[in-house]
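**Student:** This is the structure, below, for whatever I ask next.
The values are calculated or read from the model by the stated rules, or taken from the named source; none is laboratory data. Remember, it's a predicted structure, so these values are computed and weren't measured experimentally. Every residue, glycine among them, receives a Cβ derived from its backbone with ideal geometry; neighbour counts consider all protein chains shown. Side chains included, ligands, DNA and RNA excluded: accessible areas come from the protein's heavy atoms. Shrake-Rupley method; radii C 1.70, N 1.55, O 1.52, S 1.80 Å.
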Amino acid sequence: MKIKNSIRLLCLFIGSYGLFTACSKMYDLPEDRDFISENINYIIKIIEPTLGRNNVFTSLSEDNSTLPMKFEIVNARYGDGRPVTDLFTKVQTYEWIQEYDGKEKTLAEIEAKRRMVEKPAFEVDSNGRMILWAGATNAVIKPRPVDTVLKTQDIRFFDLKVQNSGGTQIIKDFQFIPWREIPYFPSTDINPYTGGKAPDPLRPKDTTRQDYIIPSFLNNVIGERTQLPLVNNNIQKDVVVYIRPFSGGKGNSLRFKFMGADGKFINPVKFNETRWDFLVHGFNKVMTPEYVQYDVAYPIPLTPYRTDFSDAGGAHVSFSYSRLGFGGGRTVGQFGLNFAIYKKGDWEIVFHFRNQNPKFEDE
């Protein structure tokens, strides 16, 4: 009985499908088409990327329009009507062909998972994401003026043609206002308009002073002179950080150094609780009395995805040391930095104990 009912249902389905097909042909019914809303738009239409790194902007409000769609930048022009062409310059950028997971054991294994390709400096993908590729440097796209005054004729405008089988819409008057290249983060020591030193926020007109990068955290690091914890605040900065290139490397190095108040470098072995083999996704570690160095792949981090070394917020390094405190208990001092470096090269990150060195000796 159940078998007969199943056969009847199957026959009914086949018959219904045949009837629908016949009706479609008889009455010339239209084919299924995508939907595109008249209200499709972007929540943010002023695009302010930083040159020299991958920037992805995702503020599409599709209003139930069918994805994927075709997006095309049209009518690119400056505020005074001159045509804009630099956004479409072809640049070299990396494309992943296998998943990077942070478990790779060599530089060669990382490089085998990606390849260099050529893309327009700025483009929009089929999901509406606006992407400025890292190959778009100051030399390719002129950044905003250094005098902080933004004139209409300096602004790049463009419209966006959006299409699917349901039709076409034009979203008008996007603005593209790029910041100049800043090769690392944090970058509180750099003036984003000029690329020079950032002024001291407390004395901005004093050209002999500047702002600094400070560690992301500084815990229980005791000064050897005052016997008090080192601090960083708006008034006092006991520890600052320099991120800077160095010469003599192979073009893919990352070095960590620790400078004392006297300008001499502290031996890294004094930071005796640091897990040097798990500090960064680097290889061929070299430790000297002045620094610890690794071979690395740039940029750092390589992707925004979480690994043992990084996540969307950047790479994370932590340095720590222990000593015997009062009463014989062991006390641990710790400091570190959340950072990113976008430009390939030989870079060093220097932690400078400006006012006094950490106390390493037991009580």
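**Student:** Where in the stretch 224-342 are there strands (runs of 3 or more DSSP E), lying wholly inside it, with at least 1 residues that are open to solvent by 80 Å² or more (accessible area, probe 1.4 Å)?
**Tutor:** Per the criteria, 239-245, 283-287, 330-341.
**Student:** Residue pairs, Cβ under 9 Å, 6 or more apart or interchain, first in the stretch 82-109 and polar (S, T, N, Q), second open to solvent by 70 Å² or more (accessible area, probe 1.4 Å). List them.
**Tutor:** Every condition considered, the pairs that remain are 92/116; 92/118; 93/54; 93/116; 93/118.
**Student:** Against the condition of a type in the set (A, V, I, L, M, F, W, C) and either assigned to a strand (DSSP E or B) or over 26 Å from residue 264 (Cα atoms) (or both), how does residue 360 come out, does it pass?
**Tutor:** Against the criterion (of a type in the set (A, V, I, L, M, F, W, C) and either assigned to a strand (DSSP E or B) or over 26 Å from residue 264 (Cα atoms) (or both)), residue 360 does not qualify.
**Student:** Checking residue 135 against (1) of a type outside the set (A, V, I, L, M); (2) under 19 Å from the mean Cα position of the chain (by Cα); (3) more than 19 Å from residue 177 (Cα to Cα); (4) part of a loop (DSSP other than H, G, I, E, B), which test does it fail?
**Tutor:** Among (1) of a type outside the set (A, V, I, L, M); (2) under 19 Å from the mean Cα position of the chain (by Cα); (3) more than 19 Å from residue 177 (Cα to Cα); (4) part of a loop (DSSP other than H, G, I, E, B), the lone unmet condition for residue 135 is (3).
**Student:** Now a separate question. Considering only residues that are hydroxyl-bearing (Ser, Thr, Tyr), open to solvent by 40 Å² or more (accessible area, probe 1.4 Å) and under 30 Å from residue 47 (Cβ atoms), look in the stretch 178-211 and name the one that is nearest to the chain's Cα centre (by Cα). Give the derivation first.
**Tutor:** The initial filter retains those residues of the stretch 178-211 that are hydroxyl-bearing (Ser, Thr, Tyr), namely 184, 187-188, 193-194, 207-208.
Among the residues that remain, those that are also open to solvent by 40 Å² or more (accessible area, probe 1.4 Å) are: 188, 193-194, 207-208.
Going one step further and asking which of them are under 30 Å from residue 47 (Cβ atoms), we end up with 188, 193-194.
Numbers: 188: 16, 193: 19, 194: 21 Å.
Ranking the candidates gives 188 first.
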